[in-house]
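Beneath this line is the structure, given in structure tokens, with notes to follow.
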Amino acid sequence: MGRRRRSGRSWGHDDGERAPPEQAPKAALPFSATCVRISRDSYPNLRALRNASSVSLADAAYVKISEGDSGYVLDDVPHLTDYVPDIQTYPNPLQDHPAYSTVKQYFVNEDDTVPQKVVVQKNSRRGVHFRRAGPRQRIYFGPDEVKACIVTCGGLCPGLNTVIRELVCGLSHMYNVNSIFGIQNGYKGFYSSNYLPLTPKSVNDIHKRGGTILGTSRGGHDTKKIVDNIQDRGINQVYIIGGDGTQKGAYEIFKEIRKRGLKVSVAGIPKTIDNDIAIIDKSFGFDTAVEEAQRAIDSAHVEACSAENGIGLVKLTGRYSGFIAMYATLASRDVDCCLIPESPFYMDREGGLLEYIERRLKENKHMVIVVAEGAGQDLIAKSIAKSDQQDASGNKLLLDIGLWLTHKIKDYFKTKKMEMTIKYIDPTYMIRAIPSNASDNVYCTLLAHSAIHGAMAGYSFTVGMVNGRHTYIPFYRVTSTRNKVKITDRMWARLLSSTNQPSFLSQKDIDEAREADRLANKPPLPTGASHRVASSFEQSASSSSN
Ligand SMILES: Nc1ncnc2c1ncn2[C@@H]1O[C@H](COP(=O)(O)OP(=O)(O)OP(=O)(O)O)[C@@H](O)[C@H]1O
Ligand SMILES: O=P(O)(O)OC[C@H]1O[C@](O)(CO)[C@@H](O)[C@@H]1O
Ligand SMILES: [Mg+2]
């Protein structure tokens, strides 16, 4: 089938307005003219920046901010042109792509950005924005020049194989790239295993399988060895799929690449079944996980209903964030009590969990409890000798709250001489290991495509959906905080009213939660500094790229 030439098509304006080529948005050199070097001393409002957005001093050297009217702030992502001089650009081959020939608008406008907050008041400042994801009119790699690699790190999550598949097929079909490699078994695979050639044919049906065909691991992140290998093998696009730890690793890789002045784009694709990655609306695989959790909750309900004073207890993932537990509970409506890490609870005293369980059993003769794995860790630590064990990535190994609760509940009813049965279900690995559902599959596809467009356009970033729009988010943003359930939000109130459980919160807990919210809602970036400020990186980093 012959290729269609572009004729009289839109140049990337949302309303489809036609602009002649000479008015087309400039290639991505947005800050070259106004870029100022940021160091400890030179940034005018560095203290405010750090205080307001938990940016470490080291990160501040990589922050790239520009300000506009009415408090508009663009928290931009790094671009190859920030540190590699005279890069050749190419027209985006999508403009001649048969699949895109009917699309009103091939390219996103270079100035398109997405607000972090969409609920505003009449006099609100416009606030922080992120660069909108999507294909750019000009790209910074020729198709023959691209040598891409893909790695998956951390725990499993539904959808990993779909993202891998769509990265391979997207690079190949949209940008005619045919040099794509899989890194095996996580970060350590960069320097300890052969790279696996990937083609659209070899990944054709992998989205139907759970897990990751590349393998994954924890630990083994050695920045220098990884970048040495990237450099030696001539890789120039690195796609990194993983959770918060993985994105921190991606950031370290990017910084080393930049320090060495390499023409390499780093694209992070956030994966976390716990949905704990900051800024983004939701991580891929989350919906699938919530859906699959229903099966465990249903079983717990059946067991509970079929016994005298039956209790079904389900433990769901969520080390620091109880999103799966909260959404699975809300979706199920069979749950009488949901416990998450963000909301403290107590067992024995008046009004505590044990008293509530007794009341519910007397009322209903059965009960279902959902607990997130990170909940109640402080309570366990008080009653069991503290263990400070960590996994290979340095994550604290948690004590089993499900097992601990089971024993506590049994002991309580023994002292009360009340007949009861408790069945404890831990479906963690059954949930993580399944393939993604239909909506997550679509989401994975869009994430992979957005990542490809950004890397081809020369950016380095974590890709993510913000308020329903795909964006390129600076690494420091997604690695400096964690997404958590806000117990002062209406969603948690909805859950409490749906289960009709007590909140177990003291006034002190509530005050602390409100204070945490207040701090989190502080304006995240400085305003009123110089009109347009973009960060460069510190002397050491820039000098090595010259
Ligand atoms: N601060 C860090 N700097 C560099 N690399 C890191 C850092 N934290 C973690 N990593 C690396 O990232 C990889 C994955 O980290 P981790 O095991 O914490 O999983 P994750 O990406 O957080 O995913 P999840 O927790 O959702 O399973 C590991 O190889 C680990 O060595
Ligand atoms: O047993 P593993 O593979 O270390 O993973 C367990 C952890 O992985 C997660 O599911 C996140 O990927 C956590 O919620 C859980 O604690
Ligand atoms: Mg993690």
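Rule-based calculations on the coordinates, nothing more; no lab input. These numbers were taken from a predicted model, which means no experiment stands behind them. Reconstructed Cβ throughout: ideal geometry from the backbone, glycine too, with neighbour counts over all protein chains shown.
Take the alpha carbon gyration tensor of the stretch 56-129, find the square roots of its eigenvalues, order them as a ≥ b ≥ c, and report rounded if a/c is under 1.5; if not, report prolate when a/b exceeds b/c, else oblate. Oblate shape, in that a/c is at least 1.5 and b/c is the bigger or equal ratio. Straight-line reach from K416: taking Cα to Cα under 14 Å and skipping same-chain neighbours fewer than 8 places apart, the aspartates and glutamates in range are D348, E355, E358.
Counting Lys +1, Arg +1, Asp -1, Glu -1, what net charge surrounds V466 among other residues with beta carbon under 15 Å of its beta carbon? Within the 15 Å Cβ shell, the charges total +3. With distances taken between every two different alpha-carbon atoms, the stretch 105-165 has a Kirkwood hydrodynamic radius of 15.9 Å. Averaging the sequence gap over all C-alpha pairs within less than 8 Å and six or more residues apart, then dividing by the number of residues, gives the stretch 130-195 a relative contact order of 38 percent. Taking the stretch 226-376 as the region of interest, the number of lysine pairs whose Cα atoms are within less than 23 Å, with members eight or more places apart or on different chains, is 10. Share of pairwise Cα-Cα distances greater than 18 Å in the stretch 186-269 is 45 percent (whole percent).
At q = 0.13, 0.16, 0.22 Å⁻¹ the log10 of I(q)/I(0) for the stretch 122-249 amounts to -0.58, -0.83, -1.36, computed by Debye summation with a single uniform scatterer per C-alpha, solvent ignored. Dipole size of the stretch 289-348 about its Cα centre, with +1 on Lys/Arg Cβ and -1 on Asp/Glu Cβ: approximately 200 debye, rounded to the nearest 20. Set against the 2.2 N^0.38 Å expectation for a compact globular protein, the stretch 431-497 has a Cα radius of gyration ratio of 1.44.
A Förster radius of 30 Å, combined with the Cβ-Cβ distance separating S192 from E145, puts the computed FRET efficiency at roughly 0.65. Charged neighbours of V203, selected by a Cβ distance under 15 Å, balance to +2 (K, R count +1; D, E count -1). Assuming a ≥ b ≥ c are the square roots of the Cα gyration tensor eigenvalues, decide whether the stretch 299-396 counts as rounded (a/c under 1.5), prolate (otherwise, with a/b larger than b/c) or oblate. Note, shape of the stretch 299-396 comes out prolate.
For R126 and T421, calculate 0.36 nm times their separation in residues minus their Cα-Cα distance, and state this gained length in nm to one decimal.
100.6 nm
The residues neighbouring V290, those whose beta-carbon lies less than 12 Å from its own, together hold a net charge of -3 under the Lys/Arg +1, Asp/Glu -1 convention.
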